[in-house]
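Trainee: Mind having a look at this structure? Questions to follow.
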Amino acid sequence: QVQLVESGGGLVQPGGSLRLSCAASGSIFSINNMGWYRQAPGKQRDTVAHITSGGSTNYADSVKGRFTISRDNAKNTVYLQMNSLKPEDTAVYYCNADLDGMFLGSWGQGTQVTVSS
């Protein structure tokens, strides 16, 4: 099973930026797809951004043009650069690996992102 540790969250004002990191271990990172997900209070967990092992990316419509997902296979790490943050981006952010349609890691504690003035 893949172990995942998210970091980089915090409190930021609207319009600000944050960079989230997710360090993965326990599998061959380079063959896994990776994704960032978020869950706001009282809402379901949604996909924010996804990157395949080959580097293809997909984004939720709500974050397109503001968020960028990237990966560093040498560091077994996936990143989420978040710019122009909005209050509605407030949520706990999680990462996970997937392969052949199956999640490979457990949902950990995530990292809290709060966008507020």
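The values are calculated or read from the model by the stated rules, or taken from the named source; none is laboratory data. Keep in mind that what you see is a predicted model, and the values were worked out from it rather than measured. Neighbour counts run over all protein chains shown; Cβ positions are idealised from the backbone, glycine included. Heavy atoms of the whole protein, side chains included, go into the accessibility calculation; ligands, DNA and RNA do not. Shrake-Rupley method; radii C 1.70, N 1.55, O 1.52, S 1.80 Å.
Trainee: Examine segment 49-65 for a residue that is without any contact (Cβ under 8 Å) to a residue 60 or more places away in the chain, touching a helix residue (DSSP H, G or I) at 6+ places or on another chain (Cβ under 7 Å), within 15 Å of Q3 (Cα to Cα) and of a type outside the set (F, W, Y), and state whether such a residue exists. Full working, then the answer.
Mentor: Just the residues of segment 49-65 that are without any contact (Cβ under 8 Å) to a residue 60 or more places away in the chain, to begin with: 49-65.
Those left that are additionally touching a helix residue (DSSP H, G or I) at 6+ places or on another chain (Cβ under 7 Å): 53.
Now drop any that are not within 15 Å of Q3 (Cα to Cα), which leaves none.
Among the residues of segment 49-65, not one is without any contact (Cβ under 8 Å) to a residue 60 or more places away in the chain, touching a helix residue (DSSP H, G or I) at 6+ places or on another chain (Cβ under 7 Å), within 15 Å of Q3 (Cα to Cα) and of a type outside the set (F, W, Y), which makes the answer no.
Trainee: Any chance you could count how many residues in segment 7-26 are more than 14 Å from K75 (Cα to Cα) and out of contact with any Asp or Glu (no Cβ under 8 Å at 6 or more places or on another chain)?
Mentor: Step one: list which residues in segment 7-26 are more than 14 Å from K75 (Cα to Cα), which gives 7-20.
From the residues that got through so far, the ones that are out of contact with any Asp or Glu (no Cβ under 8 Å at 6 or more places or on another chain) too are 7-19.
The total comes to 13.
Trainee: Out of segment 95-117, which residues are open to solvent by less than 30 Å² (accessible area, probe 1.4 Å) and not in a loop (DSSP other than H, G, I, E, B)?
Mentor: If we filter segment 95-117 for residues that are open to solvent by less than 30 Å² (accessible area, probe 1.4 Å), which is where we start, we get 95-98, 105, 110-111, 113, 115.
The answer is C95, N96, A97, D98, G105, T111, V113, V115.
Trainee: Looking at (1) small (G, A, S); (2) assigned to a strand (DSSP E or B); (3) open to solvent by less than 30 Å² (accessible area, probe 1.4 Å), which one does A23 not meet, given that it meets all the others?
Mentor: So A23 meets the others, but not (3).
Trainee: Check off (1) more than 12 Å from N96 (Cβ to Cβ); (2) in contact with a Gly (Cβ under 7 Å, 6 or more places away or on another chain) for T47 and give me the number that stays unchecked.
Mentor: Tallying (1) more than 12 Å from N96 (Cβ to Cβ); (2) in contact with a Gly (Cβ under 7 Å, 6 or more places away or on another chain), T47 fails exactly one: (1).
Trainee: Also, I was wondering about something else. Among (1) more than 12 Å from the chain's Cα centre (by Cα); (2) at pLDDT 95 or above, where does A91 come up short?
Mentor: All conditions pass for A91, except number (1).
Trainee: Another question, then. Pull up segment 9-20, narrow it to residues that are open to solvent by less than 60 Å² (accessible area, probe 1.4 Å) and assigned to a strand (DSSP E or B), then point me to the one that is farthest from W107 (Cα to Cα).
Mentor: The residue in question is V12.
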